[in-house]
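Below is one structure, written out as structure tokens; comments come after it.
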Amino acid sequence: MTEPTAAAVVAPWWTSAVVYQVYPRSFADSNGDGIGDLRGIASKLDHLQLLGVDVIWLSPVYASPQDDAGYDISDYRAIDPSFGTLEDFDALLADVHSRGMKLVMDLVVNHTSDEHPWFVESRSSLDNPKRDWYWWRPTRPHMEPGAPGAEPTNWGSAFSGPAWDLDPLTGEYYLHLFSRKQPDLNWENPQVRAEIYAMMRWWLARGVDGFRMDVINFISKAVRADGSLPDGIVHDGALYGDGQPHFGCGPRLHEYLQEMHREVFAGRDVAPLTVGEMPGVTVDDAVLFTDPARAEVDMVFQFEHVGLDHGAGKFDVHPLRLTDLKASFGRWQAGLAEVGWNSLYWDNHDQPRIVSRFGDDGEHRELSATMLATVLHLHRGTPYVYQGEELAMTNAHFTSIDSYRDIESLNHYAEALAHGQANEDTLLASLRAMSRDNARTPVQWDATAQAGFTTGEPWIAVNPNYREINAAAQHDDPGSVFSFYRRLIELRHTEPVVALGDFTMLLADDEAVYAFVRSLEGTELLVLGNFTGAAQPVTLPNAQVWAGAELVIGNYSDPGVVDSLRPWEAQVWRRG
Ligand code: NOJ
């Protein structure tokens, strides 16, 4: 191993770490009920260890009615029976630690389930002590309760329909930015915050190594002095107002995150990993959130690059322009170069599979998947690998609405049809491209029935391409996508310039070739990626300096040349 440089010695541990996201429902099922579970995860730790990842992020495994696949929590200190027990959790955590890996929990505290005892109490009467733990508001003045438009604000929910529901019990509305079974917690109330911090400390005491914080930039709402919330602008063609300016990165967010840091994270021997999911966050915001001196979070998940193929909403799909991707990533790299830190991701449980999205999941599946991986992992920041990405799993390609399970997809389909916004074929085409279920089909472990995911009936169909695309076929094949990911992850561990080097974008105007340089203390890496299925010339500003450079990693069996890339080719050259 290379000796750590001076820069590496002071850098936090997660700058050279790679995180792997497990979506438990779809990872591995140990008991044949068709739903992945904790023992299933434990049975696959060899796979993760072989891959070489440092951290596992577990999507929610807490007790939940599963309206939004576990992002609706009814007990923060219990494991949902479909996933196992607290004993199973402790055993998994011990096993993860014994293999030198860490485990990060999902933290879903913008909202709870409507079946959480806090909400059950809160809704029970106007003067219940927990009434103020959620956002209850009266009907809009001069309107009939329950009439269309009588909601306290005109905001739409992320899962279609209004963001408010009228509760007949007390005749008031409650706010839910997501499903009606996910009421928003009121962070203005200090008791709510104290309960959440206590719960977080409880998990840390159990041994977990940090948190991925679900829509954490939605927790502070722009409430007016009289307690009302503002209406949002209704964009062209939209059914509801856009509330995000009034709850995204709201007025007290920095204060809450700093308080959370003080109450939960400060003063620990090994700093837990904190990553805040923040839809709509800008580079300037992110500098503040991730500046270590401000003690808020280590890094954020930003959404700019996964919005570049959206039109009016995520289901209005447009082709990606590579120059837009470069402009966006380039801005984030520059913006967080001096202060703060980036997270890097293509896939997660909310995004379609990257090989189907920005690559070619047909003829060039393996080449395009490894090119995309190379480009992402060679940026400065902490890379996240989503389960199955390391196998180049593809989108589901479902052809019937009956195959879908995701609440966002199903609600969007029903709402758009009901309002005549699109016909069935158009809607199915946009779900095929963008539905979250593309990422949620079971992990393809081997070529046996149900891809080795379950001995039962899976809760969502296995992708029929599992006979060709599966882990067993890739583990021992040095030319597989899995082996390529192993090498990429290893490179981050052993080559300090990958983790800590400066970033310089090249060829910003090129629509086919992605090119950049990383440099640290006299070592330089040139990273090239061909985003097309055709050969592409590469005209670098000072190509001659790369003559004689060594190829560190590439996705063709021979090194190739710097001035011309083959279809979907990736190359990383090193000099100095
Ligand atoms: C973001 C999560 O990633 C997504 O899966 C979930 O539906 C929403 N937040 C609501 O919790």
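The values are calculated or read from the model by the stated rules, or taken from the named source; none is laboratory data. Note that this is a predicted model, so its numbers are computed, not measured. Please note: Cβ atoms are built from the backbone with ideal geometry, for glycine as well, and neighbour counts cover all protein chains shown. We work out accessible area using only protein heavy atoms, side chains counted, and drop any ligands, DNA or RNA first. Shrake-Rupley method; radii C 1.70, N 1.55, O 1.52, S 1.80 Å.
Observations on the structure shown:
- Screening the stretch 159-221 for strands (runs of 3 or more DSSP E) wholly inside it with 3 or more residues that are in contact (Cβ under 8 Å) with a residue 24 or more places away in the chain and more than 13 Å from the ligand (Cβ to nearest atom) returns the ranges 164-167, 172-175.
- Scanning the stretch 299-328 for residues that are in contact (Cβ under 8 Å) with a residue 60 or more places away in the chain, open to solvent by less than 30 Å² (accessible area, probe 1.4 Å) and among the acidic types (D, E) yields nothing.
- S98 being surrounded by 20 or more Cβ atoms within 10 Å (Cβ to Cβ), more than 15 Å from the ligand (Cβ to nearest atom), farther than 18 Å from M213 by Cβ and polar (S, T, N, Q): no
- Taking the conditions (1) hydroxyl-bearing (S, T, Y); (2) farther than 30 Å from Y20 by Cα; (3) open to solvent by 10 Å² or more (accessible area, probe 1.4 Å) in turn, Y173 satisfies each one other than (3).
- Boolean, G84 is buried (at least 20 other Cβ atoms within 10 Å of the Cβ), more than 16 Å from the ligand (Cβ to nearest atom), over 27 Å from T15 (Cβ atoms) and modelled with pLDDT of 95 or more: yes
- Only a single item in (1) away from the ligand (no atom under 15 Å from the Cβ); (2) closer than 26 Å to P245 by Cα is not met by P117, and it is number (2).
- Complete set of residues in the stretch 412-436 that are open to solvent by 60 Å² or more (accessible area, probe 1.4 Å) and of a type outside the set (G, A, S): L417, H419, Q421, N423, E424, D425, T426, R432
- From V109, V104, V53, V96, residue being within 30 Å of Y485 (Cα to Cα), among the β-branched types (V, I, T) and part of a loop (DSSP other than H, G, I, E, B): V53
- Residues of the stretch 550-558 include at least one that is out of contact with any helix residue (DSSP H, G or I) (no Cβ under 6 Å at 6 or more places or on another chain), of a type in the set (S, T, N, Q) and assigned to a loop (DSSP other than H, G, I, E, B).
- Scanning the stretch 249-286 for residues that are over 17 Å from the mean Cα position of the chain (by Cα) and either on the phi > 0 side of the Ramachandran plot or open to solvent by less than 40 Å² (accessible area, probe 1.4 Å) (or both) turns up C249, G250, L253, Y256, L257, E259, M260, V264, F265, G267, P272, V283.
- Qualifying position, being in contact with a helix residue (DSSP H, G or I) (Cβ under 9 Å, 6 or more places away or on another chain) and either within 28 Å of L507 (Cβ to Cβ) or among the charged types (D, E, K, R) (or both), among A327, A286: A286
- Set side by side, the residues W332, W346, W341 differ, and just one is within 16 Å of the ligand (Cβ to nearest atom) and either surrounded by fewer than 22 Cβ atoms within 10 Å (Cβ to Cβ) or within 23 Å of T15 (Cβ to Cβ) (or both), which is W346.
- Restricting D33, D29, D46, D37 to residues that are charged (D, E, K, R), open to solvent by 30 Å² or more (accessible area, probe 1.4 Å) and in contact (Cβ under 8 Å) with a residue 24 or more places away in the chain narrows the list to D33.
- Residue match in the stretch 31-44 (condition: over 24 Å from S409 (Cα atoms) and either modelled with pLDDT under 95 or of a type in the set (V, I, T) (or both)): yes
- Restricted to the stretch 437-458, and to residues there that are open to solvent by 20 Å² or more (accessible area, probe 1.4 Å) and either within 16 Å of the ligand (Cβ to nearest atom) or part of a helix (DSSP H, G or I) (or both), the residue that is farthest from V306 (Cα to Cα) is A449.
- Whichever residue in the stretch 120-147 is more than 24 Å from N217 (Cβ to Cβ) and of a type in the set (K, R) and, among such residues, is farthest from the ligand (Cβ to nearest atom): R140
- When each of R262, R321, R294 is tested for being under 28 Å from V104 (Cα atoms), out of contact with any helix residue (DSSP H, G or I) (no Cβ under 7 Å at 6 or more places or on another chain) and modelled with pLDDT of 95 or more, the lone residue that passes is R262.
- Residue, nearest to the ligand (Cβ to nearest atom), within the stretch 56-81, restricted to residues that are β-branched (V, I, T) and surrounded by fewer than 24 Cβ atoms within 10 Å (Cβ to Cβ): I56
- Test for D236: is it modelled with pLDDT under 95 and either open to solvent by 50 Å² or more (accessible area, probe 1.4 Å) or more than 16 Å from the ligand (Cβ to nearest atom) (or both): yes
- The condition (being open to solvent by 20 Å² or more (accessible area, probe 1.4 Å), touching a helix residue (DSSP H, G or I) at 6+ places or on another chain (Cβ under 6 Å), more than 30 Å from Q444 (Cα to Cα) and of a type outside the set (D, E, K, R)) is satisfied by just one residue among A508, A547: A508.
- No other residue among A499, A515 is buried (at least 20 other Cβ atoms within 10 Å of the Cβ) and assigned to a helix (DSSP H, G or I) apart from A499.
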